[in-house]
Amino acid sequence: MPSELLFSPKQNRILGSLATNDYSRLQDDLELVHLELGQVLYESGDTLGYIYFPITCIVSLIFTTQKGGTAELAITGNDGLVGIPLVLGGDTTTHRVVVQSTGAAYRLKVEVVRWELDQGGELQHLALRYTQALMTQMAQSIVCNRFHAVEQQLCRWLLVSLDLLPGNQLNMTQELIANMLGVRREAITEAAGKLQAAGLIEYSRGHITVLDRPGLEARSCECYAAVKSEYDRIFRLQSDARGPGRPRPNPASVRHRAEARLQQSPHPEPKTAWDNAQLVHELQVHQIELEMSNEELRHAYEEADDLRERYADIYDFAPVGYLTLDPLGVIIDMNLAGAMLLGTKGSQKGRHRFAAFLEPNHAEAFNRFVDDVLHSRKKLRSESVLAANVHRPATNIRIEAVPDADGRECRMVVIDTSGNATRSKHQSRRDTDNTNTKE
């Protein structure tokens, strides 16, 4: 148990990026495992049983030819997961998965991960974005192996591996590196000798220590920077996670999960009859407290439902437009006044960016405004012009916006300062009166 305290699932970039509710659902099902150098997690064609989230180890995805030749497709560490076929809808691997550097990882049973992915939530979005980054790494590796010298390939490989480890040392033989890169061992020996002579690395008996990282980056080709920038970009994106909400499978009963958590944090056992009586008393009091809390929660839920219905009407029939945008400016929610102002339907939210309704010369300024709101974390104001449509002419608007608590949504009040909304209401009223007169 002491060693387990050194590790946390949030040391993995995907698990660490999950929202609190999504992470809490997974927390009790995550199993810490220690992986040894050379350990094979999956052979080509194996059916996936677990999905691994490395934290201090590195795992290689390797393709092997019928004649025994090998080439590394990509490497995965604390920046991702092992089990991409499941993310893409499959259940078997097409390559070999081998531990390249000893360390720890957390794993989840496939049925739990499949349920989470089916919900279309945060885990699915992060896993798909990581898949995109992994594909970039694979493609860049092909280009690198085809056009760049072995020394440049070695520099790229060392840098990518170092990004996944806490220190500046790799435990790796030249023969293993040669197998990963798909080149002769002699070529790696020669390239490593040049880097050591230049004072960039120190190599001894399977231990590689990087002494001058900036120098190593200068010797590397553009492939390392391309892959790194793609990984950083992918994880900066925000998710709009939504799911159908079907029951979640529990691979273990609640009691089993509770016992597992008790073993992680054991409590002293009672030793005397008085201790037993005191423990029973505490349990009875705790049971009554839980029943009272449950009753209070039930009343709170009922009050929340009443408030939600009451304020839903106020939101929809407010005289000004209320809109919620994601970081890309896509409309994810709006009230009736907002839909009328834009000349669209509320059911079409999620299909349009708000900037598409503006005069073309105002769109870029508005996009900067949304970025400023989300990054400044405070209320900001702006003015813009809605483009003319069949319902109204071009309209001057004033926008007041605030971000949500997580900085993932921009919530706006949009006010018509041209008076077109009032004229539109009067016109609609006159059309209704004319219709009634004809009848």
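The values are calculated or read from the model by the stated rules, or taken from the named source; none is laboratory data. Since the structure is predicted, the reported quantities are computational estimates derived from the model, not experimental observations. Ideal geometry is used to build each Cβ from the backbone, glycine not excepted, and the neighbour counts take in all protein chains shown. These area figures cover heavy atoms from the full protein model, side chains too; ligands, DNA and RNA do not enter into them. Shrake-Rupley method; radii C 1.70, N 1.55, O 1.52, S 1.80 Å.
Some values worked out for this structure:
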| quantity | calculated |
| --- | --- |
| Residue count, the range 94-109 (criterion: open to solvent by less than 10 Å² (accessible area, probe 1.4 Å) and either at pLDDT below 90 or within 26 Å of G45 (Cβ to Cβ) (or both)) | 5 |
| Any chance Y23 is closer than 28 Å to A405 by Cβ and open to solvent by 20 Å² or more (accessible area, probe 1.4 Å) | yes |
| Those strands (runs of 3 or more DSSP E) lying entirely in the range 300-389 with at least 1 residues open to solvent by 90 Å² or more (accessible area, probe 1.4 Å) and modelled with pLDDT of 85 or more | 380-386 |
| F53 being part of a strand (DSSP E or B) and over 21 Å from the mean Cα position of the chain (by Cα) | no |
| Selected residue [within 36 Å of the chain's Cα centre (by Cα), aliphatic (A, V, I, L, M) and at pLDDT below 70] from A226, A241, A218 | A241 |
| Count of the range 73-88 residues which are surrounded by fewer than 24 Cβ atoms within 10 Å (Cβ to Cβ) and over 18 Å from the mean Cα position of the chain (by Cα) | 2 |
| Subset of the range 126-143 [more than 14 Å from A225 (Cα to Cα), surrounded by 18 or more Cβ atoms within 10 Å (Cβ to Cβ) and of a type outside the set (A, V, I, L, M)] | R129, Y130 |
| Failed condition for N168, given (1) open to solvent by 30 Å² or more (accessible area, probe 1.4 Å); (2) in contact (Cβ under 8 Å) with a residue 60 or more places away in the chain | (2) |
| Selection count, the range 398-413, where residues are in contact with a helix residue (DSSP H, G or I) (Cβ under 6 Å, 6 or more places away or on another chain) and either part of a strand (DSSP E or B) or open to solvent by 30 Å² or more (accessible area, probe 1.4 Å) (or both) | 3 |
| Qualifying residue in the range 137-158 (condition: among the hydroxyl-bearing types (S, T, Y) and at pLDDT 85 or above) | no |
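For (1) without any contact (Cβ under 8 Å) to a residue 24 or more places away in the chain; (2) of a type in the set (G, A, S); (3) buried (at least 20 other Cβ atoms within 10 Å of the Cβ), each residue gets a yes or a no:
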| site | (1), (2), (3) |
| --- | --- |
| L6 | yes, no, no |
| N12 | no, no, yes |
| E31 | no, no, no |
| F63 | no, no, no |
| A71 | no, yes, no |
